Structure formats: structure tokens, C-alpha cells
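Single-structure report; data block below.
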Amino acid sequence: MIITKNELWSEKERFAKKVVEGAIFLHPTDTINGLGCNALHDEAVKQLRKIKATPDNPFSVIAPSKDWIKENCVIDEKAEAWLNKLPGPYTLVLKLKNKNAVSKHVNPKDDTIGIRIPNHWISEFVSHIGIPVITTSANVRGHEYNDDLDELHPKIKNGVEFMIYEVRPKGSPSDIVILTEEKPRIIKRSKQK
């Protein structure tokens, strides 16, 4: 099912309930389209891993608020400075202080988490739901991501319960800012072809 922003907002409680209950969905952001699900829902996160064919790569989440980030992640001075840049096109990699803040399947190898608050209305929807939501590129491992619905991999098209679609210019994935080392390290990712 493909829906618009207006359709999402007009039935926001219905779609929020779907996400809480484990629906996998495609959503826009301020950078590229993402695949999402409830980051606390073990089965949904495992199913998303199957769709993407990524057994253990870490997933990032859209946080419901900066307060949620402060409550659940280690925030030192350098992290605080980057937190002040949100919302924006950044994924902040932070150490989790609350291991139960997300499913253990979000990052099965480590106690770090990639955090986003996109400068986009999708952040308001996540805030409305009140839980962290996975955000990962809409591609299957080994295939390039694509913002064109017609060119989405069949595994993704068949694996999502709904797609929130809006026409967007071709963008770049968010910059990754590693904040778990002595100095912040920024990884810029290439623009979509």
C-alpha cells in the first residue's frame, strides 16, 4: 500500500499502531528513503534483516526526541555539541547506556547505536509514536539503494506493509559521525547515482 504524507497524518493513529505492532514500512527522510520498523520489536527487526539480507550490520534509529537520546545514550561534551546540530543529515554513533532502549537485534555485535533525527516531517511522526524507529537504506545487501519506487528491489516491495511516498531529489545518505572515539570522526557517504 502506497500512502502520501496527508494520508498518513489523516490516519496517524492507525499507522502508528501498525508500526508499534511490528509493521515494516518505507519512509522518506531529509536524505534518502529509508526502511523502518519499531526498533524495540525483536521479530520486526529480524524480519527487516531478512529483507535486506544483512545478518549483523548495525541499523540506525530515528529517535523520538533528544531527551530519549540523553536518557539512553552516553552523552559527553563532544556528543552534546553534535546533538545540538539535530535535526539534520547526520547519524550520530553513540554508546548505549540503556541496553534495553532498542532490540538486541538492532546492533547484535556492539553496544553502540546510530541515532538520527532527520530535518523532515517523518521525525514528527516518530515523536508522535514515542518509540525509536529503525531507519536503514531501502536496498538489499549488494544492491544500490534507490529512491524510485518503480526500481525498488522486489524483496523490499513485497516485504513492507506500507510505503509513505513523496517525490524527492536524489540525495546522499546522512554523514556518519562516530562519537565513541577520543575525537569525532566523520564518514561522508557518496551521493546517489
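A few points about this structure:
- In order along the stretch 172-179, the phi-based Karplus estimate (6.51 cos²θ - 1.76 cosθ + 1.60, θ = phi - 60°) of 3J(HN,Hα) comes to 10, x, 5, 5, 9, 10, 7, 10 Hz; Gly and Pro are listed as x.
- Whole-Hz couplings from phi, Karplus 6.51/-1.76/1.60, listed for the stretch 39-46; x for Gly and Pro: 6, 9, 8, 3, 5, 5, 5, 5
- Listed pairs LYS46/LYS157; LYS66/LYS183; LYS5/LYS78; LYS12/LYS52; LYS157/LYS183; LYS50/LYS97 exceeding 29 Å between Cα atoms: LYS5/LYS78; LYS157/LYS183
- Amide H contacts of THR91 (H built 1.01 Å from N, in plane; Pro and chain starts excluded): ASP175, ILE176, VAL177 sit under 5 Å, all sequence-distant by 5 or more or on other chains.
- Between HIS143 and ASN57, the contour length at 0.36 nm per residue exceeds the alpha carbon distance by 29.5 nm.
- Each part reduced to its alpha carbon centroid, the stretch 1-57 and the stretch 60-108 end up 19 Å apart.
- Antiparallel DSSP beta bridges within the chain, as percent of all bridges there, nearest 5: 60
- Taking Cα centre as origin and charging only the Cβ of basic (Lys, Arg, +1) and acidic (Asp, Glu, -1) residues, the dipole magnitude of the stretch 41-115 rounds to 240 debye.
- The H on the amide N of SER137, modeled in the peptide plane, is under 5 Å from the matching H of LEU35, each at least 5 residues off or on a different chain.
- Length-normalised contact order of the stretch 2-187 in % [C-alpha pairs under 8 Å, at least 6 apart]: 34
- Using θ = phi - 60° and Karplus 6.51 cos²θ - 1.76 cosθ + 1.60, couplings along the stretch 111-116 (whole Hz; Gly, Pro as x): 9, 10, 8, x, 10, 10
- Helical contribution to [θ] at 222 nm, DSSP H n ≥ 4, -39,500 (n - 2.57), averaged over the chain, rounded to 500: -7500 deg cm²/dmol
Since every read-out is calculated from the coordinates, none of them should be taken as a lab result. From a predicted model like this one, the values you see are computed outputs, not experimental measurements. FYI the Cβ positions are ideal-geometry reconstructions off the backbone, even for glycines, and counts take in every protein chain you see.
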